[in-house]
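These notes are about the structure you will find just below.
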Amino acid sequence: MLVIKNIQDWLQAHASRESNSTLGFVPTMGALHKGHLSLVDRSHRENDTTIVSIFVNPTQFNDPKDLNGYPQTLEADLSSLENAGVDVVLLPDYNQVYPDDYRYKIIESEFSQKLCGASRPGHFDGVLTIVMKLLNIVQATHAYFGEKDYQQYVLIKEMAEAFFLRTRIVSCPTIREDDGLACSSRNARLKSEERALAPQFYKTLTQKLSMAARKSQLESLGFKVDYLEEFKNRRFGAVYLGKVRLIDNVAI
Ligand code: PAF
């Protein structure tokens, strides 16, 4: 597995690739779990080469405490990517990725303002900007995103269409723990009693209840509800358990 820290090194390696081969890309912020590995697996099955990036993108954190508390597990991440047979890992730093210090941004003005965007101002500007940069750097044929972050996936797919990007944006199903909790890097931050309660979030999202009953059920269980909304044939939710914010969504 090739670990590349310098973007120029990647561009050089990429220039010598065969022009008709396929390249699958999985962008991540590290703290890898089964969900990320399922994206890697899909990329493997569909491409000649798979590249994964690990970059904790500061511009998508509206809360500095959330950024500081974000789990960083680089050594474990590299060994699980090696075991998963990844070909290349890109590990750029802030100065390389943001030579403009975030003066230039990608802004979507409608869907990015709803759901997570309403409670995390600027979050999707940061996500779309970093994904645009990474897609331009990596120049993959396919890029893989999980449906747990369904709003993010839709915004990225529409951005790729709006800007005529060459990379095909592929969505992959949410991977869940045996008890139904969607895999997320944030799960590691749950205290043991919060972790025991967390699967009730998904269970409540899938139950046949009115939205008001769903909200009060979650609140009476001990969740703080950020939002619960139905939009474009999906039911979306974001809740807090203590300091940890969890999101999930289901098709309806
Ligand atoms: O989903 C994530 O981990 C991040 O939002 C992404 C797509 C890697 C951009 O930083």
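The values are calculated or read from the model by the stated rules, or taken from the named source; none is laboratory data. These figures come from a predicted structure and were not determined experimentally. Don't worry about glycine lacking a Cβ; one is built from the backbone with ideal geometry, like all the others, and counts go over all protein chains shown.
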Is segment 113-132 home to any residue that is free of Cβ contacts under 8 Å to residues at least 12 places away in the same chain, away from the ligand (no atom under 12 Å from the Cβ) and of a type outside the set (A, V, I, L, M, F, W, C)?
-> yes
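Restricting attention to segment 140-180, which residues are hydroxyl-bearing (Ser, Thr, Tyr) and farther than 15 Å from Phe124 by Cα?
Selection gives Thr141, Tyr144, Thr167, Ser171, Thr174.
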Among residues of segment 127-140 being out of contact with any Asp or Glu (no Cβ under 9 Å at 6 or more places or on another chain) and β-branched (Val, Ile, Thr), the residue nearest to Asn57 (Cα to Cα) is Ile130
Return the pairs, sorted by first residue and then second, in which the second residue is among the acidic types (Asp, Glu) and surrounded by 21 or more Cβ atoms within 10 Å (Cβ to Cβ), the first residue lies in segment 137-154 and is touching a residue at least 40 places away in the same chain (Cβ under 8 Å), the beta carbons are less than 7 Å apart, and the residues are 6+ apart or on different chains.
-> Lys148/Asp248
Take segment 62-79 and flag every residue that is modelled with pLDDT of 95 or more, away from the ligand (no atom under 13 Å from the Cβ) and of a type outside the set (A, V, I, L, M, F, W, C).
-> Thr73, Glu75, Ser79
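Test Val88 against the criterion of being within 24 Å of Arg245 (Cα to Cα), touching a residue at least 40 places away in the same chain (Cβ under 8 Å) and surrounded by 14 or more Cβ atoms within 10 Å (Cβ to Cβ), and give yes or no.
no
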Taking only pairs six or more apart or across chains, which ones have beta-carbon atoms under 7 Å, a first residue in segment 185-211 that is farther than 17 Å from Asn233 by Cα, and a second residue that is crowded, with 16+ Cβ neighbours inside 10 Å and of a type in the set (Phe, Trp, Tyr)?
-> Phe201/Phe223
Does Tyr94 count as within 15 Å of the ligand (Cβ to nearest atom), of a type in the set (Ser, Thr, Tyr) and modelled with pLDDT of 95 or more?
-> yes
For helices (runs of 4 or more DSSP H) lying entirely in segment 138-243, having 2 or more residues that are of a type in the set (A, V, I, L, M), within 16 Å of the ligand (Cβ to nearest atom) and touching a Leu at 6+ places or on another chain (Cβ under 7 Å) picks out 150-162
Read through the list (1) closer than 30 Å to Phe223 by Cβ; (2) touching a residue at least 12 places away in the same chain (Cβ under 8 Å), then give the number of the only condition that Asp178 fails.
-> (2)
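Filter segment 91-119 down to the residues that are among the hydrophobic types (A, V, I, L, M, F, W, C) and part of a loop (DSSP other than H, G, I, E, B), then identify the one that is surrounded by the most Cβ atoms within 10 Å (Cβ to Cβ). Working first, answer last.
Step one: list which residues in segment 91-119 are among the hydrophobic types (A, V, I, L, M, F, W, C), which gives 91, 97, 106-107, 111, 115-116, 118.
Still in the running and part of a loop (DSSP other than H, G, I, E, B): 91, 106-107, 115.
Numbers: Leu91: 17, Ile106: 20, Ile107: 10, Leu115: 23.
Applying the filter and picking the extreme gives Leu115.
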So, first residue at positive phi in segment 56-84, second residue among the polar types (S, T, N, Q) and within 13 Å of the ligand (Cβ to nearest atom), Cβ within less than 9 Å, six or more apart or across chains; the pairs are none
Just to be sure, is Glu82 loosely packed, with under 14 Cβ neighbours inside 10 Å, more than 15 Å from the ligand (Cβ to nearest atom) and at pLDDT 95 or above?
-> yes
Would you tally the residues in segment 31-61 being within 22 Å of Arg189 (Cα to Cα) and more than 13 Å from the ligand (Cβ to nearest atom)?
-> 3
Could you please let me know if Asp63 is among the charged types (D, E, K, R) and either in contact with a strand residue (DSSP E or B) (Cβ under 7 Å, 6 or more places away or on another chain) or buried (at least 19 other Cβ atoms within 10 Å of the Cβ) (or both)?
-> no
